[in-house]
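Peer 1: This is the structure I want to talk about, given as structure tokens.
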């Protein structure tokens, strides 16, 4: 009788532990939340990498703009300016027909 009662107690304890484990893993703080946090971390790391690339690109542009000839070239290009004595060749636009 004691042996049977001990087996029942072990079985009940195992069943309670298994139920707790399933409830914990499937609950709001369980595996789904873990996978969601992992996706959020990966998205944040990708965004950080993209921002680092943008910062590097901007730093290179700032370094280039420190050079006055580069500044002049950009201004001339945007405003369609030319220096005296330069020759301008107007080419037909292939998009316009």
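Peer 1: Is it the case that region 5-27 has a residue that's within 28 Å of the chain's Cα centre (by Cα) and either in contact (Cβ under 8 Å) with a residue 40 or more places away in the chain or exposed (fewer than 10 other Cβ atoms within 10 Å of the Cβ) (or both)?
Peer 2: Looking for residues that are within 28 Å of the chain's Cα centre (by Cα) and either in contact (Cβ under 8 Å) with a residue 40 or more places away in the chain or exposed (fewer than 10 other Cβ atoms within 10 Å of the Cβ) (or both), one finds none in region 5-27, hence no.
Peer 1: Residues that are touching a helix residue (DSSP H, G or I) at 6+ places or on another chain (Cβ under 7 Å): which helices (runs of 4 or more DSSP H) entirely in the chain hold 3 or more of them?
Peer 2: Qualifying helices (runs of 4 or more DSSP H): 31-65.
Peer 1: Show the residue pairs that are 6+ apart or on different chains and have beta-carbon atoms under 6 Å apart, the first residue being within region 58-84 and without any contact (Cβ under 8 Å) to a residue 40 or more places away in the chain and on the phi < 0 side of the Ramachandran plot, the second being assigned to a loop (DSSP other than H, G, I, E, B) and loosely packed, with under 10 Cβ neighbours inside 10 Å.
Peer 2: From residues that are without any contact (Cβ under 8 Å) to a residue 40 or more places away in the chain and on the phi < 0 side of the Ramachandran plot, the pairs are 82/88.
FYI, it's all coordinate maths here, none of it is from the lab. Quick caveat, the model's predicted, so the values are computed rather than measured. Note that we place each Cβ from the backbone using ideal geometry, even for glycine, and neighbour counts take in every protein chain shown.
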